[in-house]
Every structure is written in structure tokens, then in C-alpha cells.
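Peer 1: Next up is a structure, given as C-alpha cells.
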Amino acid sequence: MSERGLLIVFSGPSGVGKGTVRQEIFSTPDHKFEYSVSMTTRPQRPGEVDGVDYFFRTREEFEELIKNGQMLEYAEYVGNYYGTPLTYVNETLDKGIDVFLEIEVQGALQVKTKVPDGVFIFLTPPDLAELQDRLVGRGTDSQEVIAQRIEKAKEEISLMREYDYAVVNDYVPLAAERVKRIIETEHFRVERVIGQYDKMIAETNVIR
Ligand code: 5GP
């Protein structure tokens with residue numbers, strides 16, 4: 001039996017801690033889904049590895065992939081492109097393996113129109129002041145970029161209504177645990193399993 005895998009879209013405002021929660025989720029082997037490495041045109045940060053954290057590409061290379069229909073979704077975010085390469089996602093789902101995307105909200109909304117039966121999980125900050133502190137504490141962005149990110153976060157929080165689940169990032173290990181439980185539970189939804197049972201009902205002959 002080769003059921004298609006679930007597409008899990010993990011999203012939320014900038015600086016809410018999506019990357020940290022995602023790393024926590026993948027730091028233990030108790031999950032069966034795979035992470036889809038994104039592509040970006042933003043400069044590589046110290047410690048980041050090409051092909052592990054992102055595929056780092058030039059704008060020209062990225063635009064070529066968009067033109068050829070090779071991105072599931074993409075967004076221009078604070079002056080750089082970010083996107084999800086399509087082939088890896090399709091091949092993995094076809095093998096019956098769930099795929100986990102960690103992407104910003106514009107991209108998540110694009111995925112929703114293309115893959116409406118995906119699982120859409122929104123990570124929320126406990127409050128906006130904390131979000132601002134976290135962006136400053138991370139120390140990777142200028143003051144101007146942080147201001148842009150906070151403005152964007154305000155707009156983005158109101159997009160929560162487009163998602164299936166909202167998870168508060170009050171404590172990273174707990175947020176990671178909640179996300180894993182949501183994914184596990186999704187597999188038990190009647191609409192996801194009823195096809196198998198309909199087939200079983202049709203194929204099973206009663207012994208008289
Ligand atoms: P950062 O530059 O901090 O690594 O990422 C900036 C934002 O881009 C984050 O909100 C991150 O989740 C988002 N992002 C990372 N990969 C993708 C992607 O493939 N598509 C989209 N739409 N956003 C992404």
C-alpha cells in the first residue's frame with residue numbers, strides 16, 4: 001500500500017522562532033517526516049552550510065527555476081528570494097513519506113492554493129514585544145530590517161485564520177512537541193484513511 005505522504009507547512013511571522021522549533025523537532029529521531037531544504041538568494045550566514053540550511057543561489061539562477069516551473073512556492077522577502085524546490089517534495093510524497101516545509105506566510109498561502117489537503121501549522125509569538133526582543137537578540141539583522149520584520153509580523157499574525165492549527169512558541173521544546181503531536185494526529189483523520197477502508201470493504205468477500 002503506498003499512500004501519498006502528507007505535506008506539512010510550518011509557518012508564522014518572522015522571528016517567531018520557526019527555525020529554532022524546526023531544529024528542535026528534527027533533533028530527535030522520533031519523527032517520520034523529512035525536511036525540505038529551501039532555496040534562497042540571501043547571503044550565507046556564518047555557520048550555515050549550502051545544501052543543509054539552504055541551497056544558496058544567485059538571483060539569476062533562482063529566476064531561471066521560477067521560469068521553468070521548478071518551485072512549489074516562492075516569495076520575495078526583505079529583498080531576497082526564498083522558495084521550495086518542487087522535485088524533492090513530489091518525489092518524497094510519492095514514496096509515501098511526509099514532507100515538512102518551514103516557510104514564511106506568503107509562500108504558505110501559495111501552497112494552500114496548490115495543495116489544499118496539506119497540514120497548515122502557524123507558530124505564534126506569545127506577544128509582539130517578545131518577538132522584537134528575539135530579533136534584536138539574534139543579532140543577525142540591522143535595526144531597519146528588524147523594523148521591517150516587525151511591521152510584517154503584525155500583518156502576518158492576522159493571516160492565522162488561513163491555517164489549520166496555531167501553536168504558541170512560549171517554550172521551544174513544548175512547541176516542538178505540540179507540532180509533532182499535530183502531525184501524528186493528522187494521520188488519523190477519517191478523510192485521510194477512508195479510501196483504504198472503502199477498498200477493503202469492496203475487496204473482502206464474506207465467507208459463508
Ligand atoms: P532567514 O533569512 O531568517 O533564514 O529566513 C527568512 C524567512 O524566510 C523565514 O521566515 C523563513 O521561514 C522563510 N523561508 C525559509 N525558506 C523559505 C521558503 O522556501 N519559502 C518561503 N516562502 N519562505 C521561506
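The values are calculated or read from the model by the stated rules, or taken from the named source; none is laboratory data. Note that the structure is predicted; figures quoted are calculated from it, not measured. Please note: Cβ atoms are built from the backbone with ideal geometry, for glycine as well, and neighbour counts cover all protein chains shown. Areas reflect the complete protein model, heavy atoms only, side chains present, ligands, DNA and RNA absent. Shrake-Rupley method; radii C 1.70, N 1.55, O 1.52, S 1.80 Å.
Peer 1: Return the residue satisfying two criteria in turn: it lies in the stretch 75-84 and is in contact (Cβ under 8 Å) with a residue 24 or more places away in the chain, open to solvent by 20 Å² or more (accessible area, probe 1.4 Å) and in a strand (DSSP E or B), and of such residues it is nearest to Asp141 (Cα to Cα).
Peer 2: Among those residues, the one meeting the criterion is Asn80.
Peer 1: Let me ask you something else. Of everything in the stretch 32-50, what is closer than 18 Å to Ile103 by Cβ and either β-branched (Val, Ile, Thr) or more than 10 Å from the ligand (Cβ to nearest atom) (or both)? Give them in sequence order.
Peer 2: Hits for the stretch 32-50 are Phe33, Glu34, Tyr35, Val37, Thr40, Thr41.
Peer 1: Scan the stretch 1-25 for residues that are basic (Lys, Arg) and within 10 Å of the ligand (Cβ to nearest atom) and report the count.
Peer 2: 2
Peer 1: Let me ask something additional. Do any residues in the stretch 34-47 that are within 19 Å of Val78 (Cα to Cα) and assigned to a loop (DSSP other than H, G, I, E, B) have Cβ atoms under 7 Å from those of residues that are open to solvent by less than 20 Å² (accessible area, probe 1.4 Å) and among the aromatic types (Phe, Trp, Tyr), where the two are at least six apart or on different chains, and which pairs are they?
Peer 2: Thr41/Phe62
Peer 1: Follow-up. Restricting to the stretch 108-151, and then to whatever is among the small types (Gly, Ala, Ser) and within 24 Å of Ser27 (Cβ to Cβ), can you tell me which residue is surrounded by the fewest Cβ atoms within 10 Å (Cβ to Cβ)?
Peer 2: Gly139
Condition check ((1) part of a loop (DSSP other than H, G, I, E, B); (2) of a type in the set (A, V, I, L, M, F, W, C)) across all residues:
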{"site": "Glu3", "(1), (2)": "yes, no"}
{"site": "Thr20", "(1), (2)": "no, no"}
{"site": "Glu24", "(1), (2)": "no, no"}
{"site": "Pro29", "(1), (2)": "yes, no"}
{"site": "Glu60", "(1), (2)": "no, no"}
{"site": "Glu73", "(1), (2)": "no, no"}
{"site": "Asn90", "(1), (2)": "no, no"}
{"site": "Leu93", "(1), (2)": "no, yes"}
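Peer 1: Name the residues in the stretch 161-173 that are within 11 Å of Ile25 (Cα to Cα) and either β-branched (Val, Ile, Thr) or surrounded by 14 or more Cβ atoms within 10 Å (Cβ to Cβ) (or both), would you?
Peer 2: Val172 - this is the single residue of the stretch 161-173 that is within 11 Å of Ile25 (Cα to Cα) and either β-branched (Val, Ile, Thr) or surrounded by 14 or more Cβ atoms within 10 Å (Cβ to Cβ) (or both).
Peer 1: Before we move on, is Leu72 in contact with a strand residue (DSSP E or B) (Cβ under 8 Å, 6 or more places away or on another chain), surrounded by 14 or more Cβ atoms within 10 Å (Cβ to Cβ) and free of Cβ contacts under 8 Å to residues at least 24 places away in the same chain?
Peer 2: no
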